[in-house]
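**Student:** Following this message is one structure expressed as structure tokens.
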Amino acid sequence: MNKKKILVVDDSALMRRVLCDIIESDDRFEVAGKAVNGLEAFDLISRNQYDAVVLDVNMPKMNGLELLEELRKYKIKARVMMASTDTREGAQTTLDALELGALDFIHKPDNAYQCKEGIFPTEFLRVLSGVVVSNYPVFQSKEKIEEEKNKSQKVLEIIKKTADKVPGNKIVAIASSTGGPKALQSVIPRLPANLDAPVLLVQHMPIGFTASLAERLNNLSEIKVVEASEGLTVEKGTVYIAPGGKHMNLATSAGKYTIHLSDEPSREGVKPCANYMYESLIESKFDNIICVVMTGMGADGTEGIKNLKAKKKIHVISQSKETCTIYGMPKSVDVAGLSDQSAPLDDLAQEVILRVGIAK
């Protein structure tokens, strides 16, 4: 078996050693290069082929974000995994990195010795294995992005004007993982403020990141986006993002639907887990449930949707393979025969609007 070649970029010699030890403890990987800053890394990536790059943020001469900008500028393909102590408190920095082309991230403990302890090595290797099989990020010029944005906006305006009010009570439930924070920016901001349904969203992220994701999506969107909290009343025209480290369920309280956060064990290796969210809809009185499964590693969502579909009328939309960073979660739903339709990323919002309608 050919081992996957990994480049480790970190200005700390001790941290580089620890990360290299973790990588080489797995027979699937080998450390094929090391760099102490973004400048050295850019030179190595320009001249060599790596299966993945493990990248720190704070480094001298050229930091991690600056390296991502240079790779984007010169359209150099690299599968990048951010690994920095900044990626916890600096959730905004992490989201910036993901927008610049990083495919996933992990929070490093504050010192190298802590990296050897607990679940960090296992989680590090899990994230790295996902990045290795990810599709390369697609770089587009600002002009192309604006062109696509305008084109999409025109289509959505037509849909908004012609969409009939779909009868009954509806809810939308979205699941996403690797590649999700960036992909969601092609979906949530395209939903109207008067969408005739609430939206539940499980994006696999650690504690401390989902609040920043909610804030960023809210600033980009017409529809309201919030991080879910215990007891929050679920209303139409609002997106509720499950907080990192908690499972999000729908509950009924005093005749209203509310958010219930639980501390049940991780499932599919993740917390929050979309399976819990989907299964919590089984006892609901919604006439129509739209399930959307987006880019991500693993199979989260499949079991929950299978159990939900056995009890309720639902419509399942999976993100198309060619537009996924990782065609894992959508593939699992497709292979299980649970998907009612497959749609490319840029069409997901309009498919949701057509299914739930606009509140007139």
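**Student:** Could you give every pair whose Cβ atoms fall below 8 Å, whose first residue belongs to the range 31-57 and is not assigned by TED's automatic domain parsing to the domain that holds D21 and at pLDDT below 95, and whose second residue is aliphatic (A, V, I, L, M) and part of a loop (DSSP other than H, G, I, E, B), counting only separations of at least 6 or pairs across chains?
**Tutor:** From residues that are not assigned by TED's automatic domain parsing to the domain that holds D21 and at pLDDT below 95, there are no pairs.
**Student:** For the range 4-45, give me the residue count where each residue is closer than 19 Å to E66 by Cα, in a helix (DSSP H, G or I) and charged (D, E, K, R).
**Tutor:** 2
**Student:** What do you reckon, is D334 in contact with a His (Cβ under 9 Å, 6 or more places away or on another chain) and over 24 Å from A228 (Cα atoms)?
**Tutor:** So D334 fails the test.
**Student:** Kindly indicate whether I317 is surrounded by 22 or more Cβ atoms within 10 Å (Cβ to Cβ) and over 25 Å from G231 (Cβ atoms).
**Tutor:** So I317 passes the test.
**Student:** Using the structure shown, decide if V335 is surrounded by fewer than 17 Cβ atoms within 10 Å (Cβ to Cβ) and either modelled with pLDDT of 95 or more or closer than 23 Å to A193 by Cβ (or both).
**Tutor:** So V335 fits the description; yes.
**Student:** Right, here's the next one. Which of the following residues is within 15 Å of the chain's Cα centre (by Cα) and not small (G, A, S): V226, V234, V187, V199?
**Tutor:** Of the residues listed, the single one that is within 15 Å of the chain's Cα centre (by Cα) and not small (G, A, S) is V187.
**Student:** Taking K75 as meeting all but one of (1) surrounded by fewer than 18 Cβ atoms within 10 Å (Cβ to Cβ); (2) at negative phi, write down the number of the exception.
**Tutor:** In the conditions (1) surrounded by fewer than 18 Cβ atoms within 10 Å (Cβ to Cβ); (2) at negative phi, K75 misses (2) alone.
**Student:** If a residue has to be in contact with a Leu (Cβ under 9 Å, 6 or more places away or on another chain) and either free of Cβ contacts under 8 Å to residues at least 12 places away in the same chain or of a type in the set (V, I, T) (or both) to count, how many in the range 316-354 make the cut?
**Tutor:** Final tally of qualifying residues: 7.
**Student:** Considering only the range 216-230, how many residues are assigned to a helix (DSSP H, G or I) and either surrounded by 16 or more Cβ atoms within 10 Å (Cβ to Cβ) or at pLDDT 95 or above (or both)?
**Tutor:** Summing the residues that are assigned to a helix (DSSP H, G or I) and either surrounded by 16 or more Cβ atoms within 10 Å (Cβ to Cβ) or at pLDDT 95 or above (or both) in the range 216-230 gives 3.
**Student:** Just one of the numbered conditions (1) over 18 Å from R16 (Cα atoms); (2) surrounded by fewer than 19 Cβ atoms within 10 Å (Cβ to Cβ); (3) aliphatic (A, V, I, L, M); (4) touching a residue at least 24 places away in the same chain (Cβ under 8 Å) is not true of L68; which one?
**Tutor:** Checking L68 against (1) over 18 Å from R16 (Cα atoms); (2) surrounded by fewer than 19 Cβ atoms within 10 Å (Cβ to Cβ); (3) aliphatic (A, V, I, L, M); (4) touching a residue at least 24 places away in the same chain (Cβ under 8 Å), the one that fails is (2).
**Student:** Scan the helices (runs of 4 or more DSSP H) fully inside the range 62-129 and keep the ones with 2 or more residues being closer than 18 Å to G180 by Cβ and of a type in the set (A, V, I, L, M, F, W, C).
**Tutor:** Fully inside the range 62-129 and qualifying: 91-99.
The values are calculated or read from the model by the stated rules, or taken from the named source; none is laboratory data. Since the structure is predicted, the reported quantities are computational estimates derived from the model, not experimental observations. Cβ atoms come from the backbone with ideal geometry, glycine included; neighbour counts cover every protein chain shown.
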